[in-house]
Amino acid sequence: MSDFLGFIGFSVNNFGLLLDKTIEHLAISSTALLIAIVIGMPIGLWLGHIHKGEFIAVSISNLGRALPSLALIAILIGVVGIGFTNVVIALIVLAAPPILTTTFLGVNGVDRSLTQASRGMGLRGWQTLARVELPLALPSIFTGLRTSAVLVVSSATLAAIAGGGGLGDIILNQVAYGMSGVIAGALWVAVLALATDGLFIVLHRLVTPAGIRSRTKKRVDGPLAAPRVDDASAPEEQGVLTSR
Amino acid sequence: MTAIDLEQSSSIVFDAATKVYAGQPRPAVDNLSLTIEAGQLCCIVGPSGGGKTTTLLLVNRLVELTSGDIRIGEQSIHDIDPIALRRSIGYVIQQTGLFPHLTIAENIALIPQILNWDKARIRKRTNELLELVGLAPVETFAKRYPHELSGGQQQRVGIARALAANPPVMLMDEPFGALDPITRANIQDEFLSLKDEIGKTTIFITHDIDEAIKMGDKMAILQDGGVLAQYGTPEAILSHPANEFVERFVGEDRGLKLLTLRTLQRALEQATNRPVLMRRSEIQASNLPRIPETATMQAALSLALNSQSTAVIVTSENGLDAVELSVQRLVELGSTTTAPPKTSRARADA
Amino acid sequence: MSVTTAVEPVIPDYGQASECVVNNGAFCVDWFVQQWPTVFWPALVEHIGLTLIAIVIGFVLAFLAALVAHRFSVAAAPLNGIAAVLYTIPPLALFILLVPFTGLSVLTAEIALVAYTLLILFSNTLTGLNNIPADARRAAVGMGLTRSQILKRIELPLAVPAIIGGLRIASVLTVSTATIAAFIVDAGLGSPILKAIQSPFNTQFIAAGALAVLLAFAVDGLLVLLGRGLAPWALRRRNA
Ligand SMILES: Nc1ncnc2c1ncn2[C@@H]1O[C@H](COP(=O)(O)OP(=O)(O)OP(=O)(O)O)[C@@H](O)[C@H]1O
Ligand SMILES: [Mg+2]
C-alpha cells in the first residue's frame, strides 16, 4: 500500500522525467496515428465511395484485433531491429485497420439517394465524396480515430521492450525507478489514455453535422408507458407518438 | 379482478371517454360516448392525428383514460387487471408486430403457451387458425419465419395470432394500411367472411373511407381533437352526414359510394313499383349487358357506362328470371332506396 | 518483488541446434516441434484457461449489469461509464496498478482481463435487449405479456445475436490481451515471448504470436457456430 501511495512522492520528485517520457510517448503515438490515418483513410474513403470490398474492409479490423501487440513488437525486433521504427511500425499495423474500417463503413453507409441526388445535381464523383459522403461519414470516421488513438497510446506502453521509449520505460524498469516509479508511470499512462479518449469524444461531437445530431429525448406519456419503450430503439414510433 | 368471460361476445361501451396526454393542451380523445353492439364491427375513421389510435389504446389500457369510462360487457376496464384484459382482447397492428425470432406457428402459439394449453391443443388451434386466415398448406407456413412471408401473409398471421386464445374482442389499428390495393381487397373480403364466423366485437381503424364503408357494421367518424362527428351505419352516414366535416370527409361521391352498399336484389325488393319480369323470348332476343341481382347498384351503373348502353338486364340467382332496368330507373332506385336517417349526433353544432 | 520477468536463456543447446536455429531463421519448424510439449502446449493451455475464466466471469457481470440497466435506464450511463474507463486504461498499466493490491498473481491477471471484457459485453447485451422492434414490443404488451414474459420470451432471444457478437469481440480481444499478463505472471503465450526478448529468437515470437491469433480465430469460429445454434432465425437476416 505504501508502494501505491509512493507514486505521489515519485511524481513530484521526478516530474521532469515523467514529462520527458510522456512527450516521447506522445511522439511515438502521434507519429504512428498520423501514418495510420494517411494509409487507412484514403483506402477506406475510396472503397466506401465505390461501394466495393466490404468483406476485406471489415475483416481487416477483426484480424487486427486478434493480433497481440506484444507478439507484433517482438516479431518486428527480428525484422527491423530495436528502436523507434520498430514500435511505430507495430503501432501503425494496429491502428490502421480500425481507421480503414470505420471510414469505409461511414462512407459506404451514406444513404444512396443522397449520393444519387448530388450526382443528379451535376457534382463529380470526387465532389460528391468531398461534399456529401465525407461530412456525413465524419462521425463514423472519428469513432475509428478514437479507437485507434486509444489503442496506440495504450500499446505504446509496450514500446519499452523494443527500446522505443515512452512511459513504458518507467513502468518496466522497477530496478531503476522502484515500485513507486512503476505505479506512477502506470497511473500517468492511464490518465494519458483517458485524456486521449476524452479528446476524441469532444472531436466526435464537433464534427457531427448539426442536422444529424440525435434529438434530445423527450419523455412522453406514451401508450407503452409500462413497460417502457426505449426511445432510441423506436425512432419511428417516437415520431408517431410525439409529433404534432 | 376477473378476466372477461371468454365464451361470451361482449359489447364495448365508451362513456364520456377522454384522454389528455401529459403536456398536451388539447385532448386527443374528447368526451367520446358510443356503444358497439356485441359481435359488431365498428370502423373508426378520421383525419391523421384525430385520435383513432388513442381511442383503441384506451380499450386495452396501453393508454390510461384521463376521465370517463369504458366498459366491456358489464365490466369497467378499470376493474380488470390490465394483463388479463389484454389477454382477452385480440390486437392487430399495421406493422404486424410479429416476433422475428419465432416461427409463424410459434408466434401464434405464444399466448396459448403462456396460458399453459397442452401441446396437442396448441397444435390443433394453430393449424385451424392458419387455415382460417388462408395460409395453406399449413405445414409450409408454420415453420417459416416472419421475414420469409409477404406483407399480406404477415398481416394474416397477425390476425391469426390475435385470434389464438379466442378473445371476445378484437382491436385492429389500420391492419391493412400497408398493403397494395389488390392484396388489400382480397384480405378485406376474407376478413369479412371470417368475421361472421368468429362473431367478435371489433374496433377497426382505417384511414380509408371506402374500407370503412365496406367493412363496418357501424362507422364512427372522429374529427380533429378526438371529437366524435358522427356514429351510425355506413348507409346512414352517407345519406345523412351530420355536418359539413362529415360531408367533406365522406367525399362528394357519397351518392356513388352509397350504391356500393346496395345489391340490385335489395334495391328491387324495396322499390315501390317493381319492374315486370321479362319473357323468356325477350331475354333471348335482347343484346343488353347482363348482370346478376347479387351485384351492387354501382356495378350495374358501371356496366351500363362501360358498354355504352342505356339499360341492363338483371338476372335472378337461378338464372331463370330477369328484368330490364334503364339507367334512368337505376338512378331512381339509387336515390330512393336510402335508408331513413338513424344517426346519433355528437356535437351537431360543430 | 519484480515486475519485469526474469530473463532466461531460450535457445537451448547450440551444439545440437539446426542451422536454422543457429542463424535465427524466420521460423524453425524442427525447433518448434521440439519445444511444443514443454513450452508451447503448456503456454497454450494456460492461455486458454486465462481467457476462458475472464470471459465467463466478465460475461456474468456484464450480463447482470445489462439487465439492471435495461430495467432501470438511469443506471445505463454510469455503468457504461465505469466499463468505458476500465476499457480505456492500457492493459499493462491496469495489470501493474493492481499489483499492490493482489500481488503478482493469476488473480491480478484475471481481474484486469475481466475488466477489459466488461464494456463490450455490457453494451452489446444492452443494445441487444433494446433491439426489439417497436411494433413487436407494442404487440407484446398489447397481447398481455407481463414484463418478465417479454424479457424471457422476446427480448432475451432477440438479443442473442448481439450478445454473441459481443462475446466474439471480447474473446478475441482477451486472447490478445492475455499475452500481456505475462508481465506479471509466468503464464500464457506472452510468457515465451517475454522470455525471448533479451536474446530475440524469431521462431519463439512467431510461434507464440501465431498460436494466439489461431486461438482467437478458433474461439471466434466456435462462437459463430454457437450463435447459429441459438438464433437460427437470424441466419438470413442482417443483424446489427
Ligand atoms: N404518446 C403520446 N404523447 C403525446 N401526445 C400523443 C401521444 N400519442 C398521440 N398523441 C397525440 O394525440 C393525438 C391523436 O393521436 P393518434 O395517434 O390517436 O391519432 P390517429 O388518429 O391514430 O392518427 P393517424 O391516422 O396518423 O394514425 C395527436 O395529436 C398526437 O400527436
Ligand atoms: Mg393511428
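Within segment B:40-75, list the residues whose amide N lies under 14 Å from a label point set 7 Å along Cα→Cβ of B:Arg26. Once the point is set 7 Å along Cα→Cβ of B:Arg26, B:47-52 turn out to lie under 14 Å by backbone N, inside segment B:40-75. Taking every protein chain into account, the accessible area of segment B:264-336 amounts to 62 square angstrom per residue (probe 1.4 Å). Chains B and C together bury roughly 2100 Å² of accessible area, counting both sides, with a 1.4 Å probe on protein heavy atoms only. DSSP bridge analysis restricted to the protein assembly as shown gives an antiparallel fraction near 55%, rounded to the nearest 5. Considering only B:His207, B:Asn31, B:Gly97, and ranking their Cα positions along the charge dipole of chain B that arises from unit charges at the beta-carbon of Lys, Arg, Asp and Glu, the one farthest toward the positive end is B:Gly97.
Only protein heavy atoms count here, probed at 1.4 Å, and on that basis chains C and A bury about 3900 Å² of accessible area in total. Using the beta-carbon distance between C:Ser148 and C:Ile53 and R0 = 41 Å, what value does 1/(1 + (r/R0)^6) give for FRET efficiency, to the nearest 0.05? For R0 = 41 Å, the calculated efficiency reads 0.85.
When chain B is treated as a GNM with alpha-carbon contacts under 10 Å, the residue of B:Ser316, B:Ser281, B:Ser48 showing the greatest mean-square fluctuation is B:Ser281. By a 1.4 Å probe calculation restricted to protein chains, C:Phe122 has an accessible surface near 10 Å², given to the nearest 10. The distance between label points at C:Val22 and C:Thr102 comes to 4.8 nm (points 7 Å beyond Cα on the Cα→Cβ vector).
Heavy-atom accessible area with a 1.4 Å probe sorts C:Val39, A:Val12, largest first, into A:Val12, C:Val39. The residues A:Asp111, B:Asp208, sorted by heavy-atom accessible surface at 1.4 Å with ligands and nucleic acids left out, run A:Asp111, B:Asp208 from largest to smallest.
The accessible-area ordering, largest first, of the residues B:Arg248, B:Arg26, B:Arg262 stands as B:Arg248, B:Arg26, B:Arg262, per a 1.4 angstrom probe. Rolling a 1.4 Å probe over the protein chains gives C:Trp41 an accessible area of about 130 Å². Please label the shape of segment B:264-336 as rounded, prolate or oblate, based on the square roots a ≥ b ≥ c of the eigenvalues of the alpha-carbon gyration tensor (a/c under 1.5 means rounded; beyond that, a/b larger than b/c means prolate, else oblate). Oblate. Annotation for segment A:46-144: trypsin sites (Lys or Arg not before Pro) lying in DSSP loop with at most 16 further Cβ atoms inside 10 Å of their Cβ are A:Lys52, A:Arg124. Taking each DSSP H run with n ≥ 4 as -39500 (n - 2.57) and averaging over every residue of the protein assembly as shown yields -18000 deg cm²/dmol at 222 nm.
Element breakdown for the protein assembly as shown at a 1.4 angstrom probe: carbon and sulfur atoms account for 60% of the accessible area. For the residue pairs B:Lys195/B:Lys257; B:Lys52/B:Lys214; B:Lys124/B:Lys214; B:Lys52/B:Lys218; B:Lys52/B:Lys124; B:Lys52/B:Lys257, the alpha carbons lie more than 26 Å apart in B:Lys124/B:Lys214; B:Lys52/B:Lys124.
Which of the three applies to the protein assembly as shown, rounded, prolate or oblate, going by the alpha-carbon gyration tensor with a ≥ b ≥ c and a/c under 1.5 meaning rounded? Here the protein assembly as shown falls in the prolate category. Sequence-distant contacts, meaning Cα pairs under 8 Å at least 6 residues apart, place the relative contact order of segment B:12-258 at 28 percent.
Note on A:Phe104: accessible area is roughly 0 Å² with a 1.4 Å probe, heavy atoms of protein only. Contact-buried residues of segment C:86-132, at a threshold of 20 Å² lost accessible area versus the chain by itself: C:Thr88, C:Ile89, C:Pro90, C:Leu92, C:Ala93, C:Ile96, C:Leu97, C:Pro100, C:Phe101, C:Asn130 (1.4 Å probe; DNA, RNA and ligands ignored). With the simple spin-label model, which puts each label point 7 Å out from Cα in the Cβ direction, the B:Glu74 to A:Ile35 separation comes to 8.7 nm. Kindly identify chain B as rounded, prolate or oblate by the Cα gyration tensor criterion: order the square roots of the eigenvalues as a ≥ b ≥ c, call it rounded if a/c is under 1.5, otherwise compare a/b with b/c, prolate if a/b is larger, else oblate. It is oblate, given that a/c is not under 1.5 and a/b is not larger than b/c.
For C:Lys195, the lysines whose Cα falls under 29 Å of its own Cα, not counting residues fewer than eight places away in the same chain, are A:Lys21. The residues of chain C have, on average, 41 Å² of accessible surface per residue, using a 1.4 Å probe with all protein chains present. Chains A and B together bury roughly 600 Å² of accessible surface, counting both sides and using a 1.4 Å probe on protein heavy atoms. In this structure, B:Asp196 and C:Arg228 have a Cβ-Cβ separation that, at R0 = 51 Å, corresponds to a calculated FRET efficiency of about 0.65. The modelled label-to-label distance between B:Glu64 and B:Arg121, using points 7 Å beyond Cα along the C-beta direction, is 3.3 nm.
Its residue count N fixes a reference of 2.2 N^0.38 Å for segment C:20-230, and the Cα radius of gyration divided by that reference is 1.23.
Applying 1/(1 + (r/R0)^6) with R0 = 22 Å to the Cβ-Cβ distance of A:Phe15 and A:Asn173 gives a FRET efficiency near 0.80.
Here the extension length gained between A:Leu199 and A:Lys52 equals 49.7 nm, from 0.36 nm per residue of separation less the Cα-Cα distance. Measuring nothing but how far apart in sequence close Cα pairs (under 8 Å, 6+ apart) lie, relative to its length, segment A:2-212 scores a relative contact order of 30 percent.
The values are calculated or read from the model by the stated rules, or taken from the named source; none is laboratory data. Fair warning: this is a prediction, and the values are worked out from it, not measured in the lab. Here the Cβ is made from the backbone with ideal geometry for all residues, glycine too, and neighbour counts use every protein chain on show. To get the accessible areas, we keep the full protein, side chains included, count just its heavy atoms, and leave off ligands, DNA and RNA. Shrake-Rupley method; radii C 1.70, N 1.55, O 1.52, S 1.80 Å.
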